[in-house]
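The values are calculated or read from the model by the stated rules, or taken from the named source; none is laboratory data. Everything numeric here is computed off the predicted structure, so don't read it as measured data. All Cβ positions, glycine included, derive from the backbone under ideal geometry; neighbour counts span all protein chains shown.
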Amino acid sequence: MGLAAIILIFKTFALRTGKEKYNNAARFWAHIFGINFVIGVVTGIPMEFLFGTNWAEFSRRAGGVVGNTLAMEGLFAFILESAFLGLLLYGEKRISPKAHWFAAFMVFCGTWLSGYFILATNAWMQHPVAYTVDADGVYSLTSLWGLLTNPWLFWQYLHNMNATLITGSFVVCSVGAFYLLSNKHVEMAKLFVKTGVVIAIIATTTQIFPYGHGEARQVFKHQPVKAAAMEGIFHTERGAPMVLLGQPNMETETLDNPISIPYMDSWLVTFKLDGELQGLNDFPKDEWPDSVPLVFYSYHTMILLGTFFATIMTLAAWLLWRGKLFRSRWMLWTLMLSAPLPYIATIAGWMTAEIGRQPWLIYGLMRTSEGASPNVSSGNVMFTLLGFIAMYLIMGFLFVILILKVINAGPDPVEKAKVGDI
Amino acid sequence: METLWFILVGVLLILFVVLDGFDFGVGIIYQYVAKTNNERRIVLNAIGPVWDGNEVWLIIAGGALFFAFPAAYASAFSGYYLALIMLLWLLMFRGLSMELRSQIDNPLWRSFWDAMLFIGSLLIALVLGAAIGNLVRGVPLNADGYFFLPLWTNFRTGGDVGILDWFTVTTGVFAILVFAVHGANYLAIKTEGDIQKRARHVSKLGMVLVTVFTFVLPIALYLARPEMLDNYKQFPIGFVFPAFAFVSLMASFIYRQSNADLKVFLASAALIVFLMLSATFTMYPNILISTTEPENSLTIYNAATSEYALGMGVKWFSVGFTLALFYTFHMYRSFRGKTHLPKGGHGY
């Protein structure tokens with residue numbers, strides 16, 4: 001999703017300036033986008049069906065609500081992407097530059113709409129709205145508009161989509177830094193690093209404030225028990241500190257070896273230094289997340305990485321502004337090696353959201369243990385789980401090989417033509 | 001409103017089978033019609049830009065079923081657990097095979113993905129055919145509206161049935177033949193020279209086999225479960241569907257004589273539409289037919305979501321469906337004409 005936006009930016013520059021280098025850049029990243037897309041499509045197709053195969057009881061009871069957004073994703077977003085990606089990848093010679101820009105625009109719209117519908121589905125599971133429930137526990141929709149404008153969705157969408165921009169811009173930066181350090185494709189490399197840093201400085205700082213802050217505050221407001229696990233607050237307190245590092249000790253219900261900033265958490269959430277934050281002790285134990293330490297660690301991994309991103313990109317932007325970035329080898333090394341980190345931060349963020357939601361499948365309404373398919377035996381589930389693990393390992397392996405091959409071949413148009421002509 | 005959604009889900013499924021059907025078919029006959037690497041690349045370039053769009057109709061159909069009839073979606077997908085998950089694996093590998101083949105220039109790499117494309121397409125066709133056979137035959141639903149079928153038991157159609165029995169295997173093989181013909185007809189339009197010649201040959205041969213099955217199938221249906229034909233007995237008007245299917249088949253024979261490729265393709269598309277309608281007609285108003293107690297059947301009434309959601313759904317669906325049809329049309333239009341090897345740039 002992040003790369004789709006960056007490709008659109010390159011195509012826009014190409015159309016505005018008429019310079020071929022922007023088209024070359026777009027073509028190179030579209031090739032990488034294409035490989036991502038294939039893996040995304042083939043791993044995405046099962047998702048919709050796995051609701052039915054493995055979470056039949058959840059599907060039966062909540063399908064009347066979440067089915068709406070999932071069906072809408074297919075009809076409004078998925079088809080948009082697949083119809084226009086073919087044009088973006090294979091149609092450049094067949095259509096005019098404006099039409100090709102339009103294809104990039106539609107692919108961008110498709111991916112970001114797709115994100116919207118999926119997050120609307122998740123937002124309902126985090127913060128159910130616009131439903132009624134009958135005597136059998138079957139949920140039905142009372143307002144489609146309410147489902148699509150779930151208040152939870154606002155911060156979640158901004159936070160998540162901005163995360164995709166961070167990932168995209170870090171990868172673009174990283175490839176550019178790799179070329180600069182190896183003294184290959186220098187002109188293109190500078191374009192990649194420059195574009196990446198400019199996008200990343202905006203995305204990484206806004207990710208902390210206002211997006212991340214907004215998202216965290218809504219968790220404190222609507223899911224206080226998850227928030228307490230995230231921050232490692234075992235006992236309700238006033239003037240809670242912000243813990244940077246520490247180990248939740250579930251036996252003593254305290255935090256071991258905490259390194260923290262006093263009063264910071266209370267101030268961030270309530271805007272008062274002595275504001276009260278609820279601790280885990282305020283809630284019955286069977287409503288605590290199944291693994292408090294895992295929620296705590298995922299959240300802190302995300303926070304620490306996010307802080308690192310903003311710091312590194314502020315420095316890189318400053319170097320770029322002073323015209324020293326392309327000669328600053330230590331910074332280029334850092335940018336090159338940082339590419340995997342936003343993936344880790346994104347996964348950690350989602351682990352916080354989803355493991356933190358446990359034991360609930362639909363927050364406050366339906367427990368995860370109630371949602372599984374009653375008719376599928378655990379032996380069958382293990383068989384398919386092992387199969388999926390094998391499939392995903394193979395695909396991950398192929399993906400890395402193919403991406404490295406494309407990066408190694410480089411963005412030069414001459415070499416590009418050779419790759420396509422095989 | 002429930003009937004309308006039954007029709008809409010049916011239309012989506014039929015669209016998926018007609019559109020993705022030809023690229024499954026192309027996958028099945030691929031290694032026979034295209035011998036050299038360049039020929040294979042031409043064939044892949046003929047389906048490459050469209051297969052993903054075709055498959056999206058499956059996602060949309062699944063989404064529509066999920067939304068409109070949650071109970072049926074939950075029951076069917078968990079009940080056919082293993083078959084469905086294996087279908088997903090096949091869809092995954094088949095998608096990869098088309099997209100990854102061109103990425104590395106090595107004969108072993110390419111042979112591997114060629115084989116994957118064939119195996120994937122063949123088994124998907126078999127599973128889809130068997131799935132329709134299963135829907136027509138019915139499943140042992142319990143009072144909670146759930147069932148669980150193993151992949152196979154003793155291949156009999158009564159008692160302790162599996163997903164595959166002799167009847168559903170027959171419908172599966174039939175689906176392979178129909179898709180192969182449909183795919184050959186598509187290639188005959190999109191290619192020239194040797195590939196076209198071989199595709200027309202496959203089409204001709206395949207149609208003879210399809211005709212044989214067209215007569216075998218109703219008999220098999222009657223032997224497997226005579227009550228499957230109840231709807232036809234009650235509403236004889238339903239016979240128009242198999243009749244039109246037969247007319248489509250005859251039309252494709254006639255047009256094949258003069259090699260009017262586009263018309264033959266449209267005829268095989270019509271054949272698929274009417275075959276699907278014939279099968280669907282045996283089910284209505286059931287979505288999942290219970291073989292144990294008839295009152296356990298999931299119908300469009302007891303499996304549907306709220307009236308409000310269905311009504312609201314029709315509104316966004318009509319907008320989305322129109323847009324989606326428009327994109328699909330636009331995509332086919334952009335890649336119209338005979339397929340050639342791409343010069344430079346990207347290609348399969």
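Details
- Failed item, numbered, when A:ASN150 is tested on (1) of a type outside the set (A, V, I, L, M); (2) in contact (Cβ under 8 Å) with a residue 60 or more places away in the chain; (3) surrounded by 21 or more Cβ atoms within 10 Å (Cβ to Cβ); (4) under 24 Å from A:GLN358 (Cβ atoms): (2)
- Applying the criterion of being more than 18 Å from B:LEU123 (Cβ to Cβ) and surrounded by 14 or more Cβ atoms within 10 Å (Cβ to Cβ) to the residues of the range B:148-162, the residue that is farthest from the other protein chains (Cβ to nearest Cβ) is B:THR157.
- Here B:GLN234 clears all of (1) within 28 Å of B:GLY138 (Cβ to Cβ); (2) of a type in the set (S, T, N, Q); (3) surrounded by 20 or more Cβ atoms within 10 Å (Cβ to Cβ) except the condition numbered (3).
- Restricting the search to helices (runs of 4 or more DSSP H) fully inside the range B:149-262 and requiring at least 3 residues that are more than 21 Å from the chain's Cα centre (by Cα) gives B:193-224, B:230-234, B:240-257.
- Subset of the range A:358-396 [of a type in the set (Phe, Trp, Tyr) and assigned by TED's automatic domain parsing to the domain that holds A:THR43]: A:PHE383, A:PHE388, A:TYR392
Matching residues to (1) closer than 20 Å to B:PHE335 by Cα; (2) under 16 Å from the mean Cα position of the chain (by Cα); (3) surrounded by fewer than 22 Cβ atoms within 10 Å (Cβ to Cβ):
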residue	(1), (2), (3)
B:GLY10	no, yes, yes
B:PHE24	yes, yes, no
B:ILE28	no, yes, no
B:TYR32	no, no, yes
B:ILE42	yes, no, no
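- Meeting the requirement of 1 or more residues that are buried (at least 17 other Cβ atoms within 10 Å of the Cβ) and either within 16 Å of the chain's Cα centre (by Cα) or within 14 Å of chain B (Cβ to nearest Cβ) (or both), the helices (runs of 4 or more DSSP H) wholly within the range A:312-380 are A:340-357, A:368-371.
- Residue satisfying all of: in the range A:115-147; of a type in the set (Ser, Thr, Tyr) and touching a residue at least 60 places away in the same chain (Cβ under 8 Å); farthest from A:ALA56 (Cα to Cα) among these: A:TYR131
- Residues (closer than 22 Å to A:PHE117 by Cα and of a type in the set (Gly, Ala, Ser)) located in the range B:305-335: B:SER306, B:ALA309, B:GLY311, B:GLY313, B:SER318, B:GLY320, B:ALA324
- Candidates B:LEU19, B:LEU58, B:LEU65: the one that is away from every other protein chain (no Cβ under 11 Å), out of contact with any Lys or Arg (no Cβ under 9 Å at 6 or more places or on another chain) and of a type outside the set (Gly, Ala, Ser) is B:LEU19.
- B:THR328 vs. criteria touching a residue at least 24 places away in the same chain (Cβ under 8 Å) and either closer than 30 Å to A:ARG60 by Cβ or charged (D, E, K, R) (or both): no
- Residue within the range A:112-128 that is assigned to a strand (DSSP E or B), surrounded by 18 or more Cβ atoms within 10 Å (Cβ to Cβ) and not assigned by TED's automatic domain parsing to the domain that holds A:ALA353 present: no
- Any chance B:GLY347 is at the interface with chain A (Cβ under 9 Å from one of its Cβ atoms) and part of a loop (DSSP other than H, G, I, E, B): yes
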